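The values are calculated or read from the model by the stated rules, or taken from the named source; none is laboratory data. Note that the coordinates shown come from a computational prediction; the quantities given were computed from them, not determined experimentally. Cβ coordinates were reconstructed from backbone atoms using ideal geometry, including for glycine residues, and neighbour counts include every protein chain displayed.
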Amino acid sequence: MMHTRLLEDRVVELFSAGRDVLGAAPKGGTRGRSRPVRRRTSGGSSADGGAGMPSDGNAAPSFSAPVAIGGLGGSGTRVVARMLQLSGCEIGPRLNDALDNLWFTVLFKRIDWTRRAPRPEELELAAALFRRAMTTGLGGTPGPAGAQLLDSLRRDLPPNGGWHCGARVPDLDTLLHSPGAGGDRWGWKEPNTHVFLPALVRHLPGLRYIHVVRDGLDMAFSHNMKQARNWSYLYGLPQDEPESPARQLRYWTAANRRALDIGRTHLPDRFLVVSYEAVCAEPLRHWQRLLRFLGQPEDRLLPEEFLIRPCSIGRAQQQDLSCLPAVEIAAAQDLAAEVARLDQAPFAARPFSAQAIPEED
């Protein structure tokens, strides 16, 4: 097996020799360019510039229900996204080095939503635009409400505005002019997905969700505190609290608890909990578990180059834990035990059902 060196707080480049072939970001990232996407035609093949509708015009094209990956930033979602890609699922043509779907970032990680809760109609529009972009394509015609929204978001994103969310105006432009998908199976990875999970479940029928959890004490000492900074108020936590390991641990517990509760309640057989540490220790078991969750044959091979040896697992052991309240540590440990049980739990996933995606004016 090929041994690959890991940098602190980052998962190693996976399949570095062939990531661009399989749709992941090539070395240097995808910023400023998109991978070409071919549109579907009625015959099931693809053709450049196709309309994305059957030739008779009477039926909408069908796509599998989507698969989404989320978790706190720095939880190891990129590893699971890479596995999802290798399973044959298209996770988007506009990705950053961490394999985040930047169209989702544009539509959902908004500066005004870090100050107030999104309204139901706003979430519905965002989900509809994202679904169309990832399936039939927006093709420059997002509709009046969509055009107004994208114009507003354009003003916030660099280089026009100062909202540094990870996406830029060129990412929005590729969203607006998305030509349509080249395959029926689609999904995405963006850590903030779990924040909007109730609305996504409501507006994306058949959605399957994979929630990645990394050790809470390790995460408490992570430098990636963006989610706590942006979304603490949604969990009843102070938004203006100074950044600290204690604040990060409280957010870790609250956010993961909510995700687990939503998954069990609304996605009983379409919800997969993945422990990052367990994936690192047993990648083959989790590869087979993912294939089972996707309804695919479990004998599909995981390439030998898939090697994960993160140096930052257990970093909390090198820290002074006295800065963390005992009650917060106990709550995090209880949740970690639950995650460990769910990571080992068997399940019987439903077969994927095709979803008709109508063209929208």
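The residue pairs whose first member lies in region 104-119 and is farther than 20 Å from Leu204 by Cα, whose second member is outside any loop (DSSP other than H, G, I, E, B), and whose beta carbons are closer than 6 Å, counting only pairs six or more residues apart or on different chains, are Ile111/Asp156; Thr114/Asn230.
Screening Gly71, Gly92 for residues that are surrounded by 24 or more Cβ atoms within 10 Å (Cβ to Cβ), touching a strand residue (DSSP E or B) at 6+ places or on another chain (Cβ under 8 Å), of a type in the set (Gly, Ala, Ser) and farther than 22 Å from Leu302 by Cα leaves exactly one candidate, Gly71.
Looking only at region 316-339, filter to residues that are under 19 Å from Leu260 (Cβ atoms) and β-branched (Val, Ile, Thr); which one of those is surrounded by the most Cβ atoms within 10 Å (Cβ to Cβ)? Before the answer, list the steps.
So the first thing to find is which residues in region 316-339 are under 19 Å from Leu260 (Cβ atoms), and the list is 328-339.
Going one step further and asking which of them are β-branched (Val, Ile, Thr), we end up with 329, 339.
Values: Ile329: 18, Val339: 24.
Among those that are under 19 Å from Leu260 (Cβ atoms) and β-branched (Val, Ile, Thr), it is Val339.
Would you be able to say whether some residue in region 178-186 is over 18 Å from Ile91 (Cα atoms), within 22 Å of the chain's Cα centre (by Cα) and surrounded by fewer than 22 Cβ atoms within 10 Å (Cβ to Cβ)? For region 178-186, residues over 18 Å from Ile91 (Cα atoms), within 22 Å of the chain's Cα centre (by Cα) and surrounded by fewer than 22 Cβ atoms within 10 Å (Cβ to Cβ): absent. Here Leu207 fits the description: under 27 Å from Gln344 (Cα atoms) and touching a Lys or Arg at 6+ places or on another chain (Cβ under 9 Å).
Checked against (1) buried (at least 23 other Cβ atoms within 10 Å of the Cβ); (2) at pLDDT 95 or above; (3) not hydrophobic (A, V, I, L, M, F, W, C), Gly162 passes all but condition (1).
Counting just the residues of region 237-257 that are among the charged types (D, E, K, R) and within 13 Å of Ala332 (Cα to Cα), which one comes out surrounded by the most Cβ atoms within 10 Å (Cβ to Cβ)? The selected residue is Arg250.
Out of Gln288, Gln296, Gln227, I need the residue that is among the polar types (S, T, N, Q) and within 21 Å of Pro191 (Cβ to Cβ). Which one?
Details: Gln288 fails: within 21 Å of Pro191 (Cβ to Cβ); Gln296 fails: within 21 Å of Pro191 (Cβ to Cβ).
Every option except Gln227 fails the conditions.
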